[in-house]
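So the structure is just underneath, and the comments pick up after that.
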Amino acid sequence: MTIKNTQARWGWLSKVFHWATALLIFIQIPLGFYAESLRLSPLKIDVFIWHKSLGMLVLLLVIVRLLWRIKITIPIALATSRLEKLLASAAHGVLYLLMLALPLSGWITSAAANFPVKLFWLIPLPPIVGPDDGLKSIAAEVHEICVFVLIAILVVHIGAALRHHFMLGDSALKRMWF
Amino acid sequence: MVKTLIQVLLISLLASHASAEHVAGHLVQQPTEKWKANGAKSHLYFAPSFEELPINGAFKRFTVGVIADQKQPQSLNVQVQIASADLGSSDLNEAIQMVDWFDSETFAEASFASEDIAMGQAENQFIATGLLQLKGMKKTIEVPFSWQASNHNNISMVGELALGRHDFAIGTGEWASGDQIGLAVRVWFELVLEIADD
Ligand code: HEM
Ligand code: HEM
C-alpha cells in the first residue's frame with residue numbers, strides 16, 4: 001500500500017487521516033453532550049479538557065490533511081450520476097468546513113468565557129479572543145448549529161457509504177478501508 | 001575654680017536645653033492626613049489559577065482609607081464588596097459566587113485593618129500587618145506596598161501578595177484539592193490616593 005492516492009484508491013496517509021478523524025468525531029459528539037449535561041464540578045472541567053484537547057487534535061489533523069490533499073491525486077468518484085457526484089463532493093466539502101468550524105467555534109467559546117485551557121493537561125492553548133460574554137454566546141450557538149449539521153450530514157455520508165457497499169456493490173468503502 | 005564652676009553651669013544648661021528640645025520633639029505631633037482611594041483610578045486585582053494558568057480578575061467595588069503623617073502611612077483600612085468580583089465572563093462570575101466559593105450572599109464584604117505598618121527594605125516600601133476578614137474567617141496577613149507621592153495631591157500605592165484560599169474556606173468540598181484550581185491566589189493593587197474631604 002502506498003502513501004499516495006491513485007485514481008482508483010486512497011493511499012494510507014489519506015486513510016489514516018479519514019479514520020483517525022472519524023474516530024475522534026465519534027468520541028467528540030457524545031463527549032460534548034455529556035460535558036454540557038454535567039453540573040459544575042471538577043469532573044465537568046476534566047471532561048471539557050478532554051473535549052477541547054481531542055477537538056484541537058481534529059483541527060490539527062484537518063489542516064495537515066487539507067495541505068496533503070492539495071498536493072495529491074484524488075480517486076475518481078464512484079458516483080452513478082452527475083447529481084450524485086455533485087452531492088457527494090458538496091457533502092465532503094461541508095464536512096471539511098465543519099471540521100474547521102467546530103474546533104474554531106469551540107476555541108472561541110472557551111476563550112471568550114475567559115477559561116484557560118491546557119490541552120491534555122500539558123500544552124497551554126492560547127486564547128484566540130479576549131473575554132466577551134456576547135461573543136461567547138454567539139460562538140457557542142455556532143458550535144451547536146455545526147454539531148447538528150454535522151450529525152445530519154454524517155447520517156447521509158455513512159448511509160451513502162453503506163449503500164455503495166451493500167446495494168451497489170462497488171469498491172467505495174473498500175478503497176477507503178485498509 | 002570659678003572657671004570650672006562656669007563650665008559645669010554652662011554644660012548643665014546646654015544639656016537641659018537639649019533635653020527640653022528632645023521632649024518637645026516628641027510632644028509636637030506630626031500633622032496626620034486622611035487619604036482615600038480614588039475609585040475610578042484605583043484597581044484591586046486578583047488571579048486564581050486553573051491548571052497553573054492564571055485567570056486575571058478584579059474587584060470592582062472597594063474602599064481604601066489610609067491615615068498617614070508626612071513621613072509614612074500609619075494605618076490602612078480596606079473594605080471589599082465580594083459580589084463585585086469580576087473574572088471577565090458571566091460564567092466564571094456566577095461560579096465564584098456560589099456557596100463553595102465566595103458565598104457573597106452570606107459574606108458580602110471582606111475587610112483588612114492594619115495593626116502595624118513597618119518600613120520595608122527599600123525606600124518608600126512598607127509592610128502593613130493586620131487582620132484580613134474574608135468569608136467569615138480571620139487571618140493575620142502582611143501587605144507589602146510602595147508609597148509614593150505621584151504629584152502634589154496624589155499618592156500612588158502599589159502592592160502585591162499571595163493568599164491561600166484554604167485559609168478562608170474558598171473552594172470547599174469537591175474543590176478543596178489544589179490540583180485543578182490552585183490554592184494560592186495572587187492579589188495585587190494599584191491605588192491612587194487623594195486627601196479625604198471629611
Ligand atoms: C462510519 C463512518 C464513516 C464511513 C463508513 C465513511 C466512509 C467514507 C468513504 C467510503 C469515503 C470515500 C469516498 C470516496 O472514495 O469517494 C469517505 C470520504 C470522506 N469522509 Fe467519511 N466515513 C465515515 C465517517 C466520516 C466522518 C466522521 C467524517 C468527518 C466528519 C468523514 C469525512 C469524510 C470526508 C471529508 C471525505 C472525503 C475525503 C476527500 O475527498 O478528501 N467521514 N468516507
Ligand atoms: C471536532 C470537534 C468538536 C466537536 C464534534 C464538538 C462537539 C460538541 C458537542 C456535541 C457539544 C455539546 C452540544 C453543544 O452545546 O454544542 C459541544 C459543546 C462544547 N464544545 Fe465542542 N466540539 C468540538 C470541538 C471543540 C473544541 C476544540 C472546543 C474548545 C477548544 C470545544 C468547546 C466546547 C464548549 C466550550 C462547549 C459547550 C458550549 C456551551 O457552553 O454551550 N469543542 N461540542
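What number goes with the only condition from (1) more than 20 Å from the chain's Cα centre (by Cα); (2) surrounded by 18 or more Cβ atoms within 10 Å (Cβ to Cβ) that A:L40 does not pass?
Unmet for A:L40, out of (1) more than 20 Å from the chain's Cα centre (by Cα); (2) surrounded by 18 or more Cβ atoms within 10 Å (Cβ to Cβ): (2).
Just wondering, is there one or more residues in region A:130-137 that are at pLDDT 95 or above and away from chain B (no Cβ under 14 Å)?
Let us first name the residues in region A:130-137 that are at pLDDT 95 or above, namely A:130-137.
If we keep only those that are away from chain B (no Cβ under 14 Å) too, we end up with none.
Looking for residues that are at pLDDT 95 or above and away from chain B (no Cβ under 14 Å), one finds none in region A:130-137, hence no.
Could you check, for region B:110-120, whether at least one of its residues is of a type outside the set (A, V, I, L, M) and at pLDDT below 95?
At the first step, the residues of region B:110-120 found to be of a type outside the set (A, V, I, L, M) are B:111-112, B:114-116, B:120.
Remaining after also requiring at pLDDT below 95: B:120.
Looking for residues that are of a type outside the set (A, V, I, L, M) and at pLDDT below 95, one finds at least one in region B:110-120, hence yes.
Of the residues B:N93, B:N154, which is surrounded by 15 or more Cβ atoms within 10 Å (Cβ to Cβ), of a type outside the set (A, V, I, L, M, F, W, C), on the phi < 0 side of the Ramachandran plot and at pLDDT 95 or above? Let's see the steps before the verdict.
On the way: B:N154 fails: at pLDDT 95 or above.
B:N93 is the lone residue from the list that is surrounded by 15 or more Cβ atoms within 10 Å (Cβ to Cβ), of a type outside the set (A, V, I, L, M, F, W, C), on the phi < 0 side of the Ramachandran plot and at pLDDT 95 or above.
For A:L97, indicate whether it is without any contact (Cβ under 8 Å) to a residue 60 or more places away in the chain, surrounded by fewer than 16 Cβ atoms within 10 Å (Cβ to Cβ) and facing chain B (nearest Cβ under 10 Å).
Values: without any contact (Cβ under 8 Å) to a residue 60 or more places away in the chain: yes; surrounded by fewer than 16 Cβ atoms within 10 Å (Cβ to Cβ): yes; facing chain B (nearest Cβ under 10 Å): no.
The answer is no for A:L97.
May I ask you to verify whether A:K136 is more than 16 Å from ligand 1 (Cβ to nearest atom) and in contact with a strand residue (DSSP E or B) (Cβ under 7 Å, 6 or more places away or on another chain)?
Numbers: more than 16 Å from ligand 1 (Cβ to nearest atom): yes; in contact with a strand residue (DSSP E or B) (Cβ under 7 Å, 6 or more places away or on another chain): no.
Taking the combined requirement at face value, the residue does not satisfy it.
Are any residues in region A:85-94 more than 15 Å from the chain's Cα centre (by Cα) and surrounded by 14 or more Cβ atoms within 10 Å (Cβ to Cβ), and if so, which ones? Steps first, please.
Looking only at region A:85-94, we keep the residues that are more than 15 Å from the chain's Cα centre (by Cα), and these are A:85-90.
A:K85, A:L87, A:A88 - these are the residues of region A:85-94 that are more than 15 Å from the chain's Cα centre (by Cα) and surrounded by 14 or more Cβ atoms within 10 Å (Cβ to Cβ).
How about region A:66-105: which of its residues are under 17 Å from A:G159 (Cβ atoms) and either polar (S, T, N, Q) or part of a loop (DSSP other than H, G, I, E, B) (or both)?
A:A77, A:L78, A:A79, A:T80, A:S81, A:S89
Can you work out which of the residues in region A:109-168 that are of a type in the set (D, E) and within 11 Å of ligand 2 (Cβ to nearest atom) is farthest from the chain's Cα centre (by Cα)?
We begin by selecting, within region A:109-168, every residue of a type in the set (D, E); these are A:132-133, A:141, A:144.
Now restrict to residues that are within 11 Å of ligand 2 (Cβ to nearest atom): A:141, A:144.
Working: A:E141: 17, A:E144: 14 Å.
By that ranking, first place goes to A:E141.
Is it the case, given these coordinates, that A:I49 is in contact (Cβ under 8 Å) with a residue 12 or more places away in the chain and either more than 14 Å from ligand 2 (Cβ to nearest atom) or out of contact with any helix residue (DSSP H, G or I) (no Cβ under 8 Å at 6 or more places or on another chain) (or both)? If you could, list the steps in order and put the result at the bottom.
Numbers: in contact (Cβ under 8 Å) with a residue 12 or more places away in the chain: yes; either more than 14 Å from ligand 2 (Cβ to nearest atom) or out of contact with any helix residue (DSSP H, G or I) (no Cβ under 8 Å at 6 or more places or on another chain) (or both): yes.
Yes.
It is to be established whether one or more residues within region A:64-85 are touching a residue at least 40 places away in the same chain (Cβ under 8 Å), away from chain B (no Cβ under 14 Å) and within 14 Å of ligand 2 (Cβ to nearest atom). Let's see the steps before the verdict.
Initial filter on region A:64-85 (touching a residue at least 40 places away in the same chain (Cβ under 8 Å)): A:64-65, A:68-69, A:72-76, A:78, A:80.
Now drop any that are not away from chain B (no Cβ under 14 Å), which leaves A:64-65, A:68-69, A:72-76, A:78, A:80.
Filter again for within 14 Å of ligand 2 (Cβ to nearest atom), leaving A:65.
Yes: region A:64-85 contains one or more residues that are touching a residue at least 40 places away in the same chain (Cβ under 8 Å), away from chain B (no Cβ under 14 Å) and within 14 Å of ligand 2 (Cβ to nearest atom).
Here is a yes/no grid of residues against (1) under 30 Å from A:K44 (Cβ atoms); (2) within 15 Å of ligand 1 (Cβ to nearest atom); (3) surrounded by 16 or more Cβ atoms within 10 Å (Cβ to Cβ):
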| site | (1), (2), (3) |
| --- | --- |
| A:V62 | yes, yes, yes |
| A:I74 | no, yes, no |
| A:P126 | yes, no, no |
| A:C146 | yes, yes, yes |
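Determine the pairs where a residue that is farther than 16 Å from A:A22 by Cβ, located within region A:144-155, has a partner that is at pLDDT 95 or above and within 11 Å of ligand 1 (Cβ to nearest atom) with Cβ atoms under 7 Å apart, the partner being 6 or more residues away or on another chain.
Listed by first residue and then by second, the contacts come to A:C146/A:L98; A:C146/A:L102; A:V149/A:L98.
Filter region B:59-103 down to the residues that are of a type in the set (G, A, S) and within 12 Å of chain A (Cβ to nearest Cβ) and list them by number. Don't jump to the end; show me each part of the working.
Initially, region B:59-103 is screened for residues of a type in the set (G, A, S), giving B:65, B:68, B:75, B:83-85, B:88-90, B:95.
Of everything in region B:59-103, those that are of a type in the set (G, A, S) and within 12 Å of chain A (Cβ to nearest Cβ) turn out to be B:G88, B:S89, B:S90, B:A95.
Would you be able to say whether some residue in region A:107-122 is more than 10 Å from chain B (Cβ to nearest Cβ), outside any strand (DSSP E or B) and within 11 Å of ligand 1 (Cβ to nearest atom)?
No, region A:107-122 contains no residue that is more than 10 Å from chain B (Cβ to nearest Cβ), outside any strand (DSSP E or B) and within 11 Å of ligand 1 (Cβ to nearest atom).
Quick one: B:I67 ticks every box in (1) without any contact (Cβ under 8 Å) to a residue 24 or more places away in the chain; (2) part of a strand (DSSP E or B); (3) farther than 17 Å from B:I141 by Cβ; (4) among the aliphatic types (A, V, I, L, M) bar one, so which box is it?
Status for B:I67: all satisfied but (1).
Which of the residues that make up region B:97-128 are without any contact (Cβ under 8 Å) to a residue 40 or more places away in the chain, assigned to a strand (DSSP E or B) and loosely packed, with under 14 Cβ neighbours inside 10 Å?
Across region B:97-128, the qualifying residues are B:E115, B:D116, B:A118.
Looking only at region B:36-57, which residues are among the small types (G, A, S) and closer than 17 Å to B:S89 by Cβ?
Going through region B:36-57, the residues among the small types (G, A, S) turn out to be B:37, B:39-40, B:42, B:47, B:49, B:57.
Within region B:36-57, B:A47, B:S49, B:G57 qualify.
Can you work out which of the residues in region B:172-191 that are in a helix (DSSP H, G or I) and within 8 Å of another protein chain (Cβ to nearest Cβ) is surrounded by the fewest Cβ atoms within 10 Å (Cβ to Cβ)? Walk me through how you get there before you give the answer.
Initial filter on region B:172-191 (in a helix (DSSP H, G or I)): B:173-175.
Now narrow it down to the ones that are within 8 Å of another protein chain (Cβ to nearest Cβ): B:174-175.
Details: B:E174: 12, B:W175: 18.
Per the stated criteria, the residue is B:E174.
The values are calculated or read from the model by the stated rules, or taken from the named source; none is laboratory data. No experiment lies behind these values; they were computed from the predicted model shown. As a convention, Cβ positions derive from the backbone with ideal geometry for all residues, glycine included, and neighbour counts pool all protein chains shown.
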